[in-house]
Amino acid sequence: MCWCIFAGNSGSTAMTDIYLYILLSSTGILFIYWILGWTKIGLYRKAAQTTAQPVSIIVCAHNELHNLKLLIPKLLQQDHPDFEIIIVNDRSDDGTYDFMLETKSDRIKNVTVDQVHDHINTKKYAITLGIRAAKHDVLLFTDADCMPYSDQWIQEMTNGFTDQTDFCIGVSQYTKTKGFLNRYIRYETLLTAINYSSWALAGNPYMAVGRNLAYRKSSFLEHKGFNKFQHITGGDDDLLINQFANKKNTQVVLGADALTHSIPKTGWNTYFKQKLRHFSVSKYYSTKDKALLGLQSLSNLLYWLSLIILALQTNQYEIPLAVLGFRWIILMNLNFFTSKKIGDRMNSWLVPVLDLFYVLFVTITGTIAIFTKKVKWK
């Protein structure tokens, strides 16, 4: 029927038929990804309350004095009977060392990194020292510029642990502020969270974010930590999951009480560098995960290219507009319902604009990341 509309009204050419086929095929492929996210997150039910497990919270900080002054009180207020807070001061020169000495609490343990080692990435080295200092098997990670939404954060994130569980994947959003950049950051972060949480719920964990991630010290040591990718900048979270997490040993934790939020970038240049660092790690994913992510990205790109070409080549807009409307209706509903389930509801009215910008930004940044040999943490 689709071909008939074009043939009858505009003398459809063979190339037009090909573009239409690409448009409909890419829409079908993307629909599968969207439905996976919608159903898996929609059907998610959080684990029943379990006996509180002792937990070691690990935070690595490089010149994060201001943020530590905000974060540490929030962590100390957590409603959990048995936890310690390990602050790894990674070569800070902003007064962090003196502040930590003055911060009095039996729950806090200070670890200091004084030098850089050539054989291992600086952040991975800092994390490794924090893990070695931890006295508990369950480790819960966040960043210095993050905040838990609730005083139940520790309890919620550790509820997922059973005897078979080595990894608990949480979600972290960015604080809502004014401006298009912030709206885009929150939108992109939500789409990423939909991807990694729904895939993990489907039995294929491929990444996580270190702003809200828990795993066992025993599992980390058993797999020899970051040994396989210790020289790579980034990947202390997603490469660890990509290499060692599987359907049987991984749980996902969703909900407002399990959520953390971070301070977003305020400039396009700094945000671009952050995403470049994130995307540069994905080239080390497993072949299967690179293929699945590549298919998703390629389908997005081909969708827009074929849609634009069809709109320019023919006076018949029924099919392109119908497919575009279908896409935006799905994405607006996906955005609304999944963000609600995750615990940080987002408005959907800007999705059409954010969607187009997302495809452009991810395509450009991802392509540059493939050819970038080295990026820095701090």
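Please treat every number below as a calculation from the coordinates, not as lab data. Predicted model, so just to flag it, every value in this text is computed and none were measured. Positions of Cβ are generated from backbone atoms using ideal geometry, with glycine treated the same way; all protein chains shown enter the neighbour counts.
Some points to look at:
- Over 27 Å [Cα-Cα, segment 55-275], rounded percent: 29
- Order by protection proxy (mean Cβ within 10 Å, highest first), peptides 236-244, 53-61: 53-61, 236-244
- Each Lys or Arg adds one and each Asp or Glu takes one away; over the other residues whose Cβ falls under 13 Å from the Cβ of Phe337, this sums to +3.
- Taking 15 Å as the straight-line reach from the Cα of Lys217, the aspartates and glutamates in range (excluding those fewer than 8 positions away in the same chain) are Glu84, Asp137, Asp163, Asp166, Asp236, Asp237.
- log10 of Debye I(q)/I(0), alpha-carbon scatterers only, for segment 259-310 at 0.17 Å⁻¹: -0.81
- Remark: spin-label model distance Phe326-Ile364 equals 3.0 nm, labels positioned 7 Å along the Cα→Cβ axis.
- Segment 55-275, relative contact order in percent, only Cα pairs under 8 angstrom and at least six apart counted: 26
- Computed magnitude of the charge dipole of segment 61-131 (debye, nearest 20; Cβ of K, R +1, Cβ of D, E -1): 140
- Sequence-ordered 3J(HN,Hα) estimates for segment 196-207 from the Karplus curve with 6.51, -1.76 and 1.60 and θ = phi - 60° stand at 6, 6, 5, 5, 5, 5, 7, x, 10, x, 10, 6 Hz, glycine and proline given as x.
- For the chain, the mean residue ellipticity at 222 nm estimated from helices alone is -17000 deg cm²/dmol, where every DSSP H run of n ≥ 4 contributes -39500 (n - 2.57) and the total is divided by all residues, rounded to the nearest 500.
- For q = 0.09, 0.10, 0.16 Å⁻¹, Debye-computed log10 I/I(0) when each Cα of segment 162-317 counts as one equal scatterer: -0.36, -0.44, -1.00
- Peptide ranges 195-205, 265-275 listed from the most packed, as the mean C-beta count within 10 angstrom indicates: 195-205, 265-275
- Ranked by how many other beta carbons lie within 10 Å on average, peptides 108-120, 292-304 from highest: 292-304, 108-120
- Close Lys pairs in segment 251-378 (alpha-carbon distance under 13 Å; sequence gap of 8 or more, or different chains): 8.
- Area projected by the alpha carbon convex hull of the chain, averaged over all directions, nm²: 19.5
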